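These notes are about the structure you will find just below.
The values are calculated or read from the model by the stated rules, or taken from the named source; none is laboratory data. A quick note: this is a predicted structure, and the numbers were derived from the prediction, not measured. Note that each Cβ is placed from the backbone with ideal geometry, even for glycine, and that neighbours are counted across all protein chains shown. The protein model used for the area step is the full one, side chains on, heavy atoms only, and it has no ligands, DNA or RNA in it. Shrake-Rupley method; radii C 1.70, N 1.55, O 1.52, S 1.80 Å.
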Amino acid sequence: MLGPDDPPAAIALSAIGLTLLLPMVSHRRLAQGPRTTTRRVASTVAAQLELGVIEAVALVRGRSWKLLGAFAYYAFDNAVLWATFKTFGHAEPPIATLVIAYLIGSAAGSLPVPAGLGVVEGGMIGLLVLFGAPVICTGIAVLAYRAVSTGMPLALGGVAFLTLRRGADGARHRKLVTTL
């Protein structure tokens with residue numbers, strides 16, 4: 001049960017509840033009336049949000065195995081952050097603090113910055129230091145985490161890209177481009 005000291009939890013639960021109620025509020029109400037650009041945009045946004053909520057609820061109700069991938073990605077990414085903290089000397093990083101720092105850093109990654117470089121690290125470091133993690137250890141651990149989380153897919157993707165041009169027999173095919 002939520003107490004008076006839990007306003008963030010109450011806000012989060014309210015946001016979840018309102019999101020689940022979204023399909024009941026029809027976007028067709030916005031579509032009625034004068035067809036201004038603002039109404040068309042609002043109607044389109046409402047329709048897409050409604051469809052997204054309906055699809056998400058269907059996936060959860062259907063117990064789709066595909067959701068395991070999202071949970072596994074989140075868990076393993078947080079595990080890498082925890083491991084970098086342990087590696088660089090933080091005795092026992094609180095899991096709840098790491099999870100919330102990961103969440104805030106990931107939210108900062110939605111800013112239009114290539115690969116979230118700078119804003120993700122800043123969000124994570126700032127929040128972790130705010131919650132009492134040692135500054136030097138935090139900076140090194142977060143940068144090492146980002147090196148792994150960004151560098152490993154980049155390296156593996158580069159190897160995969162280089163193997164794309166190989167044929168079934170393993171020989172490399174070259175396309176000749178002729179110019180006239």
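Some notes on this structure:
- Computed over protein heavy atoms with a 1.4 Å probe, the accessible surface of segment 63-111 works out to 66 Å² per residue.
- Packing-based ranking, highest mean first, of 74-85, 35-46, 150-161 given that Cβ atoms within 10 Å are counted: 74-85, 35-46, 150-161
- The simple Förster model, with R0 at 35 Å and r as the Cβ-Cβ distance, assigns GLN48 and THR150 a FRET efficiency of 0.75.
- Residue-wise HN-Hα coupling along segment 39-56, computed from phi with Karplus coefficients 6.51, -1.76, 1.60 (Hz; x: Gly, Pro): 5, 5, 5, 4, 5, 5, 4, 4, 5, 5, 4, 4, 5, x, 5, 4, 5, 5
- Added length on full extension, which subtracts the Cα-Cα distance from 0.36 nm per residue, VAL129 to LEU68: 18.8 nm
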